[in-house]
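Please treat every number below as a calculation from the coordinates, not as lab data. Since the model is a prediction, treat every value here as computed from it, not as a measurement. Glycine gets a Cβ as well: all are built from the backbone with ideal geometry, and neighbour counts include every protein chain shown.
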Amino acid sequence: MILPTEPIGSIPRSAELLNAMAAHVTGQLADAEFASYREKAVRETVEALEALGSPVVTDGEQGKPSALTYPIEGAENLSADGVVIPFADGHQRQLPCLTSGPFRYLTRAEEYLRAARRHAKVPVKQAVVAPSALSLLYPPNGIAGYSREAFLDDLAAEAEADIRGCLDAGAHVVQLDFTEARLSLKLDPSGGVLREFVELNNQVLARFTEAERARIGVHSGPGADHDSTHSLDVDYAELLPELFRLTVGNFYLQLASESDPDRVLRVIADQLRPGIRVFVGVTDPIDPRVETPEEVRDRVLRAARYLPVDQLGTCDDSGFAPFADDRSTSRETAFAKIRARVEGTALAAGLLGAGEPTTVGALRD
């Protein structure tokens with residue numbers, strides 16, 4: 001038996017790449033020179049993931065300034081005073097704010113995918129920002145001559161094109177990054193904002209066929225930046241029923257950092273429906289300690305007590321550096337954790353294939 005295992009997306013950038021990024025932003029490094037640094041970083045990341053035995057790879061988001069803002073980097077109709085995302089350790093991230101229409105992507109994720117596929121010998125997945133996250137760019141006071149409804153129409157069209165471009169370019173899976181889902185419940189405990197987010201994402205997903213949606217997934221978690229989270233204190237039970245309304249074929253769920261994984265797994269099992277696969281997080285990217293393959297194995301076996309094995313997979317809880325300037329985790333630590341995930345998942349698969357009585361769904365209760 002083979003259990004699928006996939007990375008979420010980002011890998012910490014090397015000091016060389018971060019220095020090149022800084023020089024490029026200030027105009028000290030020409031576009032062509034920066035492109036060569038980025039290409040080298042993508043190649044090294046893909047090759048490193050393959051050397052670890054990862055059956056699916058990503059570009060490590062080496063060329064992205066952040067997982068949130070890559071489509072709009074360099075846009076002139078933005079100001080810096082957008083929505084603030086507070087993290088538990090006190091630091092913040094702030095989104096830009098749209099100042100005029102129309103809303104357009106300047107960069108599409110297909111570019112990152114094609115760069116990775118030039119070097120990859122195994123399937124490549126591609127992470128894209130969920131349209132719900134970018135909906136936060138529209139200012140609460142509106143924009144003269146550009147209604148919120150017109151903005152959302154433009155956003156849906158751009159998000160569809162971003163996803164479709166990756167599917168057409170041969171992505172193994174296109175993963176919507178939806179980390180704002182759990183945060184929305186912290187900001188609005190009534191769940192109204194979360195329901196709006198899910199509806200918007202589903203409106204975009206409705207533009208794809210059932211076969212295409214089988215190659216689309218969603219990642220959700222409590223955020224991961226500078227070894228801190230923004231919403232780990234929000235109860236998963238409040239999120240998951242709404243999250244599973246998304247019409248995707250794959251769910252990538254943070255689990256390793258949960259204090260009561262059995263409780264979360266019971267909630268997941270209650271929401272599970274035929275035809276989808278749930279990838280559970282078995283490594284915690286913001287924990288500096290590297291998990292052992294045996295720990296990963298045991299986490300997989302725990303999940304298999306609640307979820308059918310043919311609907312189960314593994315992943316990391318999150319990307320290792322969703323924002324390019326996050327140096328809190330080294331590349332060496334990230335790759336060591338990924339190795340543990342790959343090897344531990346294989347250990348669990350061997351036991352599950354042998355029919356061990358402690359790994360069947362009958363023990364769910």
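How big is the charge dipole of segment 85-201 about its Cα centre, in debye rounded to the nearest 20, if each Lys and Arg gets +1 on its Cβ and each Asp and Glu gets -1 on its Cβ?
Values: 13 positive and 15 negative charges, 109 e Å.
The calculated dipole for segment 85-201 is roughly 520 debye.
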Task: Projected-area average for segment 245-365 over all orientations - Cα convex hull basis, square nanometres - done: 7.9
Task: Residues ASP235, ASP317 arranged by fewest to most Cβ contacts within 10 Å - done: ASP235, ASP317
Task: segment 235-266 versus segment 183-213: alpha-carbon centroid distance in Å - done: 15
Open item on the list: Rounded to whole Å, give me the distance from the Cα center of segment 65-124 to that of segment 285-348.
Closed with: 25
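Would you mind ranking HIS24, HIS230 by Cβ crowding within 10 Å, fewest neighbours first?
Numbers: HIS24 17, HIS230 25.
Fewest-to-most Cβ neighbours within 10 Å comes out as HIS24, HIS230.
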Task: Extreme residue, positive dipole direction of the chain, given options THR58, GLY319, ASN141 (C-beta unit charges) - done: THR58
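With the Cα gyration tensor of segment 113-217 giving a ≥ b ≥ c as the square roots of its eigenvalues, does the rule (a/c under 1.5 for rounded; else a/b larger than b/c for prolate; else oblate) give rounded, prolate or oblate? Mind showing how you got there, number by number?
Working: a/c = 2.20, a/b = 1.74, b/c = 1.26.
Prolate, because a/c is 1.5 or more and a/b exceeds b/c.
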Task: Cβ-based exposure ranking for ASP310, ASP188, in which fewest neighbours within 10 Å come first - done: ASP310, ASP188
Open item on the list: Rounded to the nearest 20 debye, what is the charge dipole size of segment 5-364 about its Cα centre when +1 sits on each Lys and Arg Cβ and -1 on each Asp and Glu Cβ?
Closed with: 780
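Just to be sure I understand: of the beta bridges DSSP finds with both ends in segment 5-364, what percent are antiparallel, rounded to 5?
Details: 8 of 32 bridges.
Of those bridges, close to 25 percent are antiparallel.
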Open item on the list: Name the residue from ALA130, ILE8, SER184 whose Cα lies farthest towards the positive end of the charge dipole of segment 5-364, charges +1 on Cβ of Lys and Arg and -1 on Cβ of Asp and Glu.
Closed with: ILE8
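Seen from all sides and averaged, what is the projected area of the convex hull of the Cα atoms in the chain, in nm²? Walk me through the intermediate numbers first.
Numbers: hull surface 68.9 nm².
Mean orientational projected area (the chain, Cα hull): 17.2 nm².
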Open item on the list: I'd like the FRET efficiency for GLU210 and ASP154, computed as 1/(1 + (r/R0)^6) with the beta carbon distance as r and R0 of 22 Å, rounded to 0.05.
Closed with: 0.25
